[in-house]
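Written below as structure tokens is the structure these notes are about.
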Amino acid sequence: MSKRIRLHGLRQSTVGHTAVGLWRHPDSRAHEYRELAHWTEVARILERGTFDALFIADALGPLDTYRGSVDAALRDGVQTPTDDPLLTLSAMAAATEHLGFAVTVSTTYEQPYSFARKMATLDHLTHGRVGWNIVTSALDSAARNLGYDNQLPHDERYAVAEEFMEVVYKLWEGSWRDDAVVRSVEEGVFVDPSRVRPVRHEGKYYKVRDIALSEPSAQRTPVLYQAGTSPAGIAFASRHAEGVFLSTYETAGARGLVTKVKEAARAAGRDPDSLKFLPITTVVVAETDAEARAKYASYASYASWEGALARWSALMQIDLSVLDPDAPLEYVDTDGIRGMVELFTTLDPTRKWTPRAIGEFVGVGGGGPVLVGSPATVADELERWMDEADVDGFNVADPVAPAGHRDFVDLVVPELRRRGRVWSAYEGATLRERFTGSPRVRPDHPAYGHRWVP
Ligand SMILES: Cc1cc2nc3c(=O)[nH]c(=O)nc-3n(C[C@H](O)[C@H](O)[C@H](O)COP(=O)(O)O)c2cc1C
């Protein structure tokens, strides 16, 4: 039997995320990102399509690499302005019953103790529907506004992240026994103190001495996602990720990354098939291929070349404005997202990318494939990606929010259901159960060893 296609919806709380400039399209209501009604509408749309989760990207600094200025990003609303991804979750959870929420939070700028409580709170309020996209961040501007002169070097950020994970696993899995909250009115005891213990963590980057503040939540550790594909990123994903978010525009490159991460996971003692891979994908669908092509042309006519270059300059931490627009980009180890630099240099040896070609290519699809066509055409393409790239599903972006997600749910999901590739109704109680088939972290995951089992 063909494996189920796992669907996540991808957004950032901003107007210019994967598709830059398309906020000007008459069908786009992306500017409503400041409204709770917008987010509850998006959540209900995705739940109607039995998506596993809404995935919310984030960045903690303005995009100021291109021409050394924030002006191009501001003009096109490229990830600037952007709001906090966590604060919409309670409202979306109240408007839905099953949809999960995978939120991006940086290990470089959070404190694990307070962060563990935030996620436990969200896991309580959503009844086990929360996931975490673990990022180490990539913008120097974030560092400059959060207490540093410059960002920590790339690989050191992953070293910090490694210790961060150890601390939060201790807090989520090891500080409170499952039966710690007794709530005995007769004995006058809410929590049995013998079932709660301090984590006593003292490491290179963090000191956390006491007990976790939150009582155990349904999932304990939120479902863990990761997206970096540099060597350090792959090593990190192979140890911690349950979901891996990819950015590649063709199946061979995606398959190469899937194979590398799975091999690293096997070497780290994990079942490689327990990691689920989700490439970022943009779908432009209509009743017929011709109508879909016309819709794509109308989207593409609003794409902003300069805005796209401003975004990719920041992601890669390479100012593309100072390079020859027609000279091929060469790989360099930057302090930005190295996986994104690889995407346009080494990942596909058959192709040379110039800054001009990058700006034109990423306009609608943001570095992932753009699938255009009727529901049957799109479903064929999604199935081809599943087979050729060996992925487990898709992180479906929305170029004209929320119309892109609505089109996908109204047109593509029924076709995928007819083919038996997506659920008609949700199964499982929590995000982890739905996404991984297991209610708690699996025994081969590093969080498991921190569990306190009497
Ligand atoms: C597809 C994809 C999406 C990403 N989304 C985010 C994001 O929303 N926020 C963020 O700070 N970093 C994001 N990153 C960056 C990384 O997750 C990572 O923490 C990092 O910056 C280094 O990546 P690298 O290992 O490829 O160098 C993303 C990376 C990829 C490949």
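Roughly how many debye, to the nearest 20, is the charge dipole of segment 309-391 about its Cα centre, given +1 on each Lys and Arg Cβ, -1 on each Asp and Glu Cβ, and no other charges? Kindly include the intermediate steps, with their values, before the conclusion.
Details: 6 positive and 15 negative charges, 54 e Å.
Using Cβ point charges on Lys, Arg, Asp and Glu, segment 309-391 gives about 260 debye.
Tell me the angle of helix 231-240 to the major Cα principal axis of the chain, expressed in degrees between 0 and 90 and rounded to the nearest ten.
Value to nearest ten degrees: 40.
When the Karplus curve 6.51 cos²θ - 1.76 cosθ + 1.60 is applied with θ = phi - 60°, which whole-Hz ³J(HN,Hα) does each residue of segment 285-300 get, with x for Gly and Pro?
Each residue of segment 285-300 in turn: 10, 8, 4, 10, 4, 5, 5, 5, 5, 5, 5, 4, 4, 5, 4, 4 Hz.
Starting from the Cα of residue 429, step 7 Å along the direction of its Cβ; do the same at residue 202; then give the gap between the two resulting points in nm.
Modelled inter-label distance: 4.0 nm.
Label point 7 Å out from residue 37 along Cα-to-Cβ: which residues of segment 75-91 have amide N under 18 Å?
Residues passing the 18 Å test: 88, 91.
Take every Cα-Cα pair in segment 56-103 and report what % of them are more than 15 Å apart.
Details: 616 of 1128 pairs.
In whole percent, the share of Cα-Cα pairs in segment 56-103 beyond 15 Å is 55.
Per-residue HN-Hα couplings for segment 217-224, Karplus 6.51 cos²θ - 1.76 cosθ + 1.60 at θ = phi - 60°, whole Hz, x for Gly and Pro?
3J(HN,Hα) across segment 217-224, in whole Hz: 10, 4, 9, 6, 6, x, 4, 9.
Label segment 99-139 by shape, choosing from rounded, prolate and oblate, from the square roots a ≥ b ≥ c of the eigenvalues of the Cα gyration tensor; if a/c is under 1.5 it is rounded, and otherwise prolate applies when a/b is larger than b/c, oblate when it is not. Numbers along the way, then the final one.
Numbers: a/c = 4.21, a/b = 1.56, b/c = 2.71.
In terms of gyration-tensor shape, oblate.
Could you state the angle between the C-alpha long axis of helix 375-389 and the longest principal axis of the C-alpha atoms of the chain, as a value from 0 to 90 degrees rounded to the nearest 10?
So the inclination is approximately 60 degrees.
Nearest 20 debye, what's the magnitude of the dipole of segment 137-203 about its Cα centre given +1 on Lys and Arg Cβ and -1 on Asp and Glu Cβ? Write down the numbers at each step before the final one.
On the way: 8 positive and 14 negative charges, 34 e Å.
In total the dipole reaches around 160 debye.
Applying 1/(1 + (r/R0)^6) with R0 = 25 Å to the Cβ-Cβ distance of residue 194 and residue 124, what FRET efficiency is obtained, to the nearest 0.05? Numbers along the way, then the final one.
Working: r = 23 Å, r/R0 = 0.92.
E between residue 194 and residue 124, to the nearest 0.05, is 0.60.
Suppose we keep just the alpha-carbon trace of segment 274-331; what are its Rg and Dmax in angstrom?
16.4, 43
Once label points are set 7 Å from the Cα along Cα→Cβ at both residue 444 and residue 266, what is their separation, rounded to one decimal in nm?
1.0 nm
Which of 305, 312 has the fewest other C-beta atoms within 10 Å, and how do the rest follow up to the most?
Numbers: 305 18, 312 30.
Going from least to most buried by this count: 305, 312.
When the Karplus curve 6.51 cos²θ - 1.76 cosθ + 1.60 is applied with θ = phi - 60°, which whole-Hz ³J(HN,Hα) does each residue of segment 78-88 get, with x for Gly and Pro?
7, 6, 8, x, 9, 9, 5, x, 6, 6, 8
Would you work out if segment 4-139 is rounded, prolate or oblate? Take a ≥ b ≥ c from the square roots of the eigenvalues of the alpha-carbon gyration tensor; rounded if a/c is under 1.5, else prolate when a/b is larger than b/c, oblate otherwise. Please report the intermediate quantities before stating the final value.
Numbers: a/c = 2.09, a/b = 1.25, b/c = 1.67.
Verdict is oblate for segment 4-139.
Ranked from highest to lowest mean number of other Cβ atoms within 10 Å per residue, what is the order of the peptides 4-10, 425-431? Can you show the working numbers first?
Details: 4-10: 23.6, 425-431: 16.7.
Result, highest mean first: 4-10, 425-431.
Between segment 252-303 and segment 89-136, how many Å separate their Cα centres?
24 Å
Mind listing the long-range amide H neighbours of residue 445? Cut-off is under 5 Å, sequence gap 5 or more, other chains count too, H placed in the peptide plane at 1.01 Å from N.
none
Given H placed 1.01 Å from N in the peptide plane, which residues other than close sequence neighbours of residue 283 have an amide H under 5 Å from its amide H?
Residues meeting the criterion, in which the H sits 1.01 Å from N, are 371, 397.
Return a whole-number percent for the relative contact order of segment 179-263, with Cα pairs under 8 Å and 6 or more residues apart as the contact set. Present the calculation step by step, with values, prior to reporting the outcome.
Numbers: 75 pairs, mean separation 13.9, N = 85.
Computed value for segment 179-263: 16 percent relative contact order.
On a full-extension model of 0.36 nm per residue, what is the gain between residue 418 and residue 94, subtracting their alpha-carbon distance, rounded to one decimal in nm?
Numbers: separation 324, 0.36 × 324 = 116.64 nm, distance 2.99 nm.
Separation in residues times 0.36 nm, less the Cα-Cα distance, equals 113.6 nm.
If I fit a long axis through the Cα atoms of helix 36-48 and take the longest principal axis of the Cα atoms of the chain, what angle between them do I get, 0 to 90°, rounded to 10?
90 degrees
Using only the Cα atoms of segment 227-380, what semi-axes does the equivalent ellipsoid have when each is the square root of 5 times a gyration tensor eigenvalue? Give whole Å, largest first. Working shown, then result.
Details: eigenvalues 154, 106, 26 Å².
Value: 28, 23, 11 Å, ordered largest first.
My understanding is that a pair violates if its Cα-Cα distance is over 22 Å; which of 207/260; 170/204; 3/118; 118/207; 170/207 do that in this structure? Display every interim value, and only then the final one.
Details: 207/260 34 Å; 170/204 16 Å; 3/118 34 Å; 118/207 18 Å; 170/207 12 Å.
The answer is 207/260; 3/118.
If contacts are Cα pairs under 8 angstrom and at least 6 residues apart, what is the relative contact order of the chain in percent? Could you put the intermediate results ahead of the total?
Numbers: 956 pairs, mean separation 111.4, N = 454.
Over the chain, the number comes to 25 percent.
Computed over the Cα atoms of segment 360-411, what is the convex hull's projected area averaged over all directions, in nm²?
Working: hull surface 15.5 nm².
Averaged projected hull area, Cα only: 3.9 nm².
Taking one equal scatterer on every alpha-carbon of the chain, how large is log10 of I(q)/I(0) by Debye at q = 0.07, 0.10, 0.11 1/Å?
The computed values of log10 I(q)/I(0) come out as -0.33, -0.69, -0.84.
Can you compute the modelled spin-label distance between residue 183 and residue 356, with each label point 7 Å from Cα toward Cβ, in nm?
6.6 nm
Could you tell me the center-to-center distance, by alpha carbons, between segment 1-62 and segment 193-207 in angstrom?
37 Å
Over segment 1-78, calculate the relative contact order: mean separation of alpha carbon pairs under 8 Å at least 6 apart, over the residue count, as a percent. Show your work: numbers first, answer last.
Working: 74 pairs, mean separation 33.5, N = 78.
About 43 percent, as a whole number.
log₁₀ I(q)/I(0) of segment 309-411 at q = 0.14, 0.15, 0.20 Å⁻¹, via Debye over equal Cα point scatterers, no solvent, to two decimals?
Reported log10 I(q)/I(0), two decimals: -0.67, -0.75, -1.09.
Any idea what Rg and Dmax come out to for segment 70-225 if you just take the C-alpha atoms, in Å?
18.1, 65
Name the residue from 337, 323, 370 whose Cα lies farthest towards the positive end of the charge dipole of segment 255-409, charges +1 on Cβ of Lys and Arg and -1 on Cβ of Asp and Glu.
Value computed over the given set: 337.
Using modelled backbone amide H atoms (1.01 Å from N, in-plane), which distant-in-sequence or interchain residues come within less than 5 Å of residue 104's amide H?
HN-HN under 5 Å from residue 104: 56, 133.
Coordinate-derived values only; no laboratory data. Remember, predicted model here, so these are calculated numbers, not experimental data. Heads up, the Cβs are rebuilt from the backbone with ideal geometry, glycines too, and the neighbour counts pull from every protein chain shown.
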